[in-house]
1. Test of understanding: what is the full-extension gain from A:Q180 to A:S40, defined as 0.36 nm times their sequence separation minus their Cα-Cα distance?
2. Can you list the GluC sites (Glu not before Pro) in segment B:164-269 that are in a DSSP coil and have 12 or fewer other beta carbons within 10 angstrom?
3. Please order A:L163, A:L191, B:L242 by the number of other Cβ within 10 Å, starting at the fewest.
4. From the phi of every residue in segment B:219-234, what ³J(HN,Hα) in whole Hz does the Karplus formula 6.51 cos²θ - 1.76 cosθ + 1.60 yield, where θ is phi - 60° and glycine or proline is x?
5. Considering amide H positions built from the backbone, and no H for Pro or chain starts, which residues 5 or more places from B:I264, or on another chain, come under 5 Å of its amide H?
6. What's the FRET efficiency of B:A28 with B:R202 using the Cβ-Cβ distance as r and R₀ = 56 Å, to the nearest 0.05?
7. I need the phi-derived Karplus couplings for segment B:197-208: 6.51 cos²θ - 1.76 cosθ + 1.60, θ = phi - 60°, integer Hz, Gly and Pro marked x.
8. Among B:K72, B:K35, what is the fewest-to-most ranking by other Cβ atoms within 10 Å?
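Rule-based calculations on the coordinates, nothing more; no lab input. Here the structure is a predicted model, which means the values were calculated and not measured. Neighbour counts run over all protein chains shown; Cβ positions are idealised from the backbone, glycine included.
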Amino acid sequence: MNGHTGATEAASERSGITENPTLDTADSALLARMSGGDESALATLYDRWSDRVHSLAVHLLRDARDAEDIVEETFWQAWRGATRYDAARGNVGTWLLTICRSRSLDKLRSRRRRPEETTLDDAHAAAAPQPGAMDAMVTMETGRIVRAALAELPIEQRQTLELAYFRGLSQSEIAEKTGQPLGTIKTRVRLAMAKLRDKLGFLQEVRP
Amino acid sequence: MTQPWTHENTMAELGAYALDALAPDERAAIEAHLKTCASCRDELTAMRNTAAAMGTSVPTQPMDRIRSASVKQRLLERAKAERSGVTPIRSAAIPARPSPLPWWLAAAASIAFLVTAYQAVNIGRERDTLRTALISESLHVAGLRDSLAERERTLLAMAGPDVRVVELVANNRRPNARMFWAQSTNTWTMFAHNLPALPSGRTYQLWLITRDNQRISAGTFAPNASGDAAVSAQYPLPADALQMIAVTEEPAGGVPQPTGEVLIAGQPR
């Protein structure tokens, strides 16, 4: 918890309040069980994260069928790589979304080499009831906060970040395609990422 | 062998590294430095979390429940088969995709379709094309904003009866917060904004106030430089017992009962 101190923990203990244990410690425990070959842990991780992984895949690929494949591949890679997961390199959600983005961008790049038709029917999966209303609420709220932080960035910084994150372009590719010097693009990425890190770090306290 | 970058050069490019937006030689030089620098590894973790946060900014689009269950089942079969050394059949039958889309999702989808169709033809050709695509992306974002507001209203309406929402506000001041209370799991999560910076030796403290006037501490917190904070706690409370949620400023470490002025407060809807 932000600003938590030993004295506070003592006060919390008196009042019977406990910090929410359903956050990343629970996800890390699932990964540990998956390392030991426990498939039920994979099932639980899937229930907790598949909607968020799917949301990112659909947004990147704009294709429901491809997004489903990415969801399966992301969790398969998590299952296969559970023994190599290192909590020091980022929390479980970060890890899953990073795998999802990486696989999605691979697909996007191969699609650019071989353009395919995308139909409106495939563009989005239908909305469905949420499995965990609280997770959905927290995801909605954090999404709103992240969008607000992105909107506060100068437009050229925001667009540079969007090209890098959502289109998977390198800084050199962005420079080439926008006609801006590489140094300018690097400065925009550096400033924008530093601002976002400062602005959004507090969300790590309540990772959904 | 790749020559490692200096600490300063590496720190400047860790955001781009986390976005996977570097050239291969730059990547290798940073990785060489990371092997020997703990503070850069910590900074990279923060940057990776920041990059992943961008992934949560996209509209929530849950998979259809039936199709999601099929994907899950296939994953579990693959996992089981891997252990037993049997190769599973890759393509389990998945039922046809249901429709139609809700109107607000359809509106977002049609904008996405226009952008995608445009991209399929033109992306990657020349600068002018990309500039136009940037405009399209902005239109896409603007178009999504309205449907997102609608979606949020829908989600809030869907939250009940398990999740209750409490808006915390101040009198004629900017601080505000939104608290989510999941009664089935006794989980409380609050997001607060525009909080004034705390004087040295002071903290904010969150209180659950019951109908019989018990004041239960739900922990202390401090805002970041932008005045934002997030707090999560677990505490069992009967559904009709909550009267109010409040935040006070207190001595560092917190107090058993509130002593300071109420900064923000709200009642459950």
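1. Details: separation 140, 0.36 × 140 = 50.40 nm, distance 5.02 nm.
Between A:Q180 and A:S40, full extension yields 45.4 nm more.
2. Working: sites: B:E167, B:E249, B:E261; in loops: B:E261.
Listed in order of number, the matching sites are B:E261.
3. Details: A:L163 25, A:L191 15, B:L242 21.
With the sparsest Cβ surroundings first, the list reads A:L191, B:L242, A:L163.
4. Taking θ as phi minus 60°, the curve returns x, 10, 7, 10, x, 7, 4, 8, x, 9, 8, 9, 9, 9, 8, 10 Hz for segment B:219-234.
5. Answer set, sorted by chain and number: B:V247.
6. On the way: r = 47 Å, r/R0 = 0.85.
E between B:A28 and B:R202, to the nearest 0.05, is 0.75.
7. My calculation for segment B:197-208 gives 4, 8, x, 4, x, 10, 9, 8, 10, 9, 10, 9 Hz in order.
8. B:K35, B:K72
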